[in-house]
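Visitor: First the structure, which I've put down as structure tokens, then a few questions once you've had a look.
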Amino acid sequence: MSLNHDYPTAADEELVGWSRLGETEAFEELVFRHRDKIYARAMMMMRNEEEALDLSQEAWVKAWQRLHQFQGDSSFATWMTRIVINLCLDQIRRQKKNRTESIEQLEEEVGGVESQLSIEPGNPTEGLEKDELRRRIDEAMTKLTPAHRLVLVLHEYEGLEYKEIAKKVGISIGTVMSRLFYARRRLATLLRGLQRERDN
Amino acid sequence: MLEIQSSVDGQLSSQRQEAVARLLSSDMEARQLHQQLTAVREVLQRHEPVIRIPETREFYWSQLERRLQAPKPAPAATGSPSALMWRWLAPMMGLSAVIAVIALQPFTNSGARSFQLGSGSPQASTVTTFSSEADGVTIHWIN
């Protein structure tokens, strides 16, 4: 059903309004605009292309079914990102049930390791080109455990505070802080290692 | 250490923030940790990895459109205890009926015979029975 709206130039809020009326073309435009961001967030959390694609699509399906719930308090992109993050968290919880290593158990593990990481002064990424840096960050992120990566993504990219992460993930604020600390230290070490490889 | 991180993230009360500031001014290791955490935080926020969907717009949308149009799956009958019980009882009752019919067949002579259960129904079964009085053996086949 198209009502000759100019979808490519319309604002997200207009597209949402038209989508609510059943205009799939308007929704398609929203998908086109934000699909990479939604997929990227799923990919950052799951580190699995197939899962990320599936979850990103599931997020769009959920959004379509719940468009009436979008109040416009935040941007559409933020609203969509929250949906995909919640789906990823559900998926991680399901996977956690099938793993012997639980996310909670990692807490004990990090207590000892974080203090063993050396503190080296200076910026661990100094001198790296932007694209190279992005690629290296992505590479380093894959080396973090899902639990540490999850907290890091929620804090650094979603801008959630400790208590918000704790509530979302179902862990204590202390655990959030501990995991975040370990993830950052580990990332600093990994990035420095990558930088050294490049220099040699 | 975690308090230094909280300071980097701006999640400390002003009183604790001042305490951390004092620590940073006097402790070189604490200062280096603060610098490292700040550097990692900044680098992550400024250089979020760019990840793109490895599919064309048309392909992605066509897949999504199918999911949007797909009817919602019917809820599984897991809710009520009676539904669960019926799920197990129905086949058991069917099997009991078959056994009862077989047991009630008179076997006066030796030989094989067949009869149909539920004839006319798409799930009708044929029961073939072989009985030998001399050997004291009875065998049933259910097709």
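The values are calculated or read from the model by the stated rules, or taken from the named source; none is laboratory data. Owing to the predicted nature of the structure, the values given are computational and were not obtained by experimental measurement. Here Cβ is always computed from backbone atoms with ideal geometry, including for glycine, and neighbour counts include all displayed protein chains. Keep in mind that these areas ignore ligands, DNA and RNA; they rest on the heavy atoms of the full protein, side chains included. Shrake-Rupley method; radii C 1.70, N 1.55, O 1.52, S 1.80 Å.
Visitor: Share of region B:2-47's accessible area from carbon and sulfur, percent, 1.4 Å?
Guide: Percent of accessible area from carbon and sulfur atoms in region B:2-47: 45.
Visitor: Let me ask you something else. Which trypsin sites (Lys or Arg not before Pro) does region B:19-73 hold that lie in a coil by DSSP with at most 11 other beta carbons within 10 Å?
Guide: For trypsin sites (Lys or Arg not before Pro) across region B:19-73 that sit outside H, G, I, E and B with at most 11 neighbouring Cβ atoms in 10 Å, the list reads B:52.
Visitor: Let me ask something else about it. Using a Förster radius of 41 Å, what is the FRET efficiency between residue A:33 and residue A:172 based on their Cβ-Cβ separation? Nearest 0.05, please.
Guide: 0.65
Visitor: Which whole number gives the average, over all residues in A:28-35, of C-beta atoms from other chains lying within 10 Å of the residue C-beta?
Guide: Partner Cβ neighbours, averaged per residue: 3.
Visitor: Over the whole of B:50-59, what's the average partner chain Cβ count within 10 Å per residue? Rounded to a whole number, please. Each step should come with its number before you reach the end.
Guide: On the way: counts 6, 12, 6, 11, 5, 3, 0, 4, 0, 0.
Mean inter-chain Cβ contacts per residue within 10 Å come to 5.
Visitor: How would you order B:1-8, B:89-96, A:10-17, A:27-34 from highest to lowest mean count of nearby Cβ atoms within 10 Å? Could the numbers behind the result be given before it?
Guide: Details: B:1-8: 18.8, B:89-96: 10.8, A:10-17: 16.2, A:27-34: 20.8.
Per-residue mean Cβ counts within 10 Å order the peptides as A:27-34, B:1-8, A:10-17, B:89-96.
Visitor: Turning to a different aspect of this structure: Using only the alpha carbon atoms of region B:2-47, find the Kirkwood hydrodynamic radius as the inverse mean reciprocal pair distance, in angstroms to one decimal.
Guide: 10.8
Visitor: Using packing as a proxy for protection, rank A:174-181, A:69-76 so that the peptide with the highest average count of other Cβ atoms within 10 Å comes first. If you can, show how the numbers build up before the last one.
Guide: On the way: A:174-181: 21.9, A:69-76: 12.1.
With the highest mean Cβ count within 10 Å placed first, the list reads A:174-181, A:69-76.
Visitor: Averaged across B:26-39, how many Cβ atoms of other chains sit within 10 Å of each residue's Cβ atom?
Guide: 4
Visitor: Under 29 Å between alpha carbons, and skipping anything fewer than 8 positions from residue A:62 in its own chain: which lysines qualify?
Guide: A:37, A:96, A:97, A:163, A:167, A:168, B:72
Visitor: In square nanometres, what is one fourth of the surface area of the convex hull spanned by the alpha carbons of region A:1-94?
Guide: 5.9
Visitor: Between residue A:93 and residue B:58, what FRET efficiency comes out of the Förster formula 1/(1 + (r/R0)^6) with R0 = 25 Å and r the beta carbon distance, rounded to 0.05? Don't jump to the answer; show the numbers that get you there.
Guide: On the way: r = 34 Å, r/R0 = 1.35.
Once rounded, the FRET efficiency stands at 0.15.
Visitor: While we're here: How much accessible area per residue does region B:2-47 have, counting only protein heavy atoms and a probe of 1.4 Å, in square angstrom?
Guide: For region B:2-47, the per-residue accessible area is 54 Å².
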